[in-house]
1. Might you check whether a residue that is within 14 Å of the ligand (Cβ to nearest atom), within 16 Å of Ala149 (Cβ to Cβ) and out of contact with any Leu (no Cβ under 8 Å at 6 or more places or on another chain) occurs anywhere in the range 63-70?
2. Please go through the range 127-155 and pick out each residue that is assigned to a helix (DSSP H, G or I) and either within 25 Å of Lys23 (Cα to Cα) or more than 11 Å from the ligand (Cβ to nearest atom) (or both).
3. Within the range 193-283, which strands (runs of 3 or more DSSP E) (wholly inside it) include 1 or more residues that are without any contact (Cβ under 8 Å) to a residue 24 or more places away in the chain and more than 28 Å from Leu37 (Cα to Cα)?
4. Quick check on the range 170-181. Is at least one of its residues out of contact with any Ser or Thr (no Cβ under 6 Å at 6 or more places or on another chain), of a type in the set (Asp, Glu), part of a helix (DSSP H, G or I) and without any contact (Cβ under 8 Å) to a residue 40 or more places away in the chain?
5. Output the number of the condition that Ala26 fails; it satisfies all remaining conditions of (1) in a helix (DSSP H, G or I); (2) under 17 Å from Pro5 (Cα atoms); (3) more than 15 Å from the ligand (Cβ to nearest atom).
6. Quick test of your reading of the structure: Ile278 fulfils all but one of (1) buried (at least 20 other Cβ atoms within 10 Å of the Cβ); (2) farther than 24 Å from Arg201 by Cα. Name the failing condition by number.
7. Just name the residue that is farthest from Leu159 (Cα to Cα) out of those in the range 247-275 that are surrounded by fewer than 18 Cβ atoms within 10 Å (Cβ to Cβ) and under 19 Å from the mean Cα position of the chain (by Cα).
8. Of these, Arg192, Arg184, Arg179, Arg202, which one is surrounded by fewer than 19 Cβ atoms within 10 Å (Cβ to Cβ), under 23 Å from Ala282 (Cβ atoms) and away from the ligand (no atom under 16 Å from the Cβ)?
Amino acid sequence: MPRSPLIARTVPALRRAIDNLRKKKATIALVPTMGALHDGHVSLVRLAKRRASRVVVSIFINPTQFAPTEDFGAYPRTWKADIAKLAAEDVDIVWHPGVEAMYPDGFATRIVPEGPAVAGLEDRFRPHFFGGVATVVGKLFTQCRPDVAIFGEKDFQQLRVVTRMARDLDLGVKIIGSRTVRERDGLAMSSRNVYLSPEERRIAPTLYRAMRECAARIRAGDAVAPAMAGGVGMIEAAGIALDYFEVRHAETLAPITSRQDGPLRILVAARLGTTRLIDNVAV
Ligand code: PAF
């Protein structure tokens, strides 16, 4: 019978639970999430368990990373199923603050990240996003005081932003990226996949296929620009509206022009109907 995790809903309750773990000399891994947990999240939890003796999962749908036009209200909320999944993985603590615990009246401090946060990828289409993410993740780190924190590679720019922030602010937490978990046809798992209609779901894996094909061409020695143009053609031919399809330096996210410019990452964001999907692969 899986043991239900301790659920903390206020900062003092969380502090007590973390202090108890620390008294027992535990090491702590944090897995920040917004709930609607799928197998991708489960893989983050499993990696967390390998990297620390105790695991804290936060579930908080962070309003400050959504623009007023985005899906904050509609974002899937699956609390009971989430807790059952975390219990099955033997998670120790679920940190589930309300908005008033995270952003109490008078809250007036924000972290404004630069560097990878202004690389001209997600930030071009969601200018509010990384300020909201950095502020909430900064708070999650000071609240949970983890030794390590696990973030999915699917949100690659987010992973870079958080890694930079943890270094720049000496937060004392090691950021670990975890490989993207995919459906059998290659679509990256995402809480937002539930929004896709059957027809959109059918064509969505084109994004992964196009990235893989470009990565293979670049590895095989093709010039970057024509390889990427081929990928754009594949995606647009499937009827998918691209926000961006770019190859960048995998560490800094700076634009590159040739394979020699460093370790490379192909990143994509696209809209299928009202659903926006992002994904990336290494070259
Ligand atoms: O990747 C997410 O789910 C969110 O951006 C995060 C890191 C939990 C911050 O709200």
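1. No, the conditions are met nowhere in the range 63-70.
2. The initial filter retains those residues of the range 127-155 that are assigned to a helix (DSSP H, G or I), namely 129-144.
Listed by number, the residues that qualify are Gly131, Val137, Gly138, Lys139, Leu140, Phe141, Thr142, Gln143, Cys144.
3. 241-249
4. Checked the range 170-181: no residue is out of contact with any Ser or Thr (no Cβ under 6 Å at 6 or more places or on another chain), of a type in the set (Asp, Glu), part of a helix (DSSP H, G or I) and without any contact (Cβ under 8 Å) to a residue 40 or more places away in the chain.
5. It is condition (1) that Ala26 fails.
6. For Ile278, the exception is condition (2).
7. Arg271
8. Details: Arg192 fails: away from the ligand (no atom under 16 Å from the Cβ); Arg179 fails: away from the ligand (no atom under 16 Å from the Cβ); Arg202 fails: under 23 Å from Ala282 (Cβ atoms).
Residue meeting the stated conditions: Arg184.
The values are calculated or read from the model by the stated rules, or taken from the named source; none is laboratory data. These figures come from a predicted structure and were not determined experimentally. When we count neighbours, we look across all protein chains shown, and the Cβ atoms used for this are built from the backbone with ideal geometry, even at glycine.
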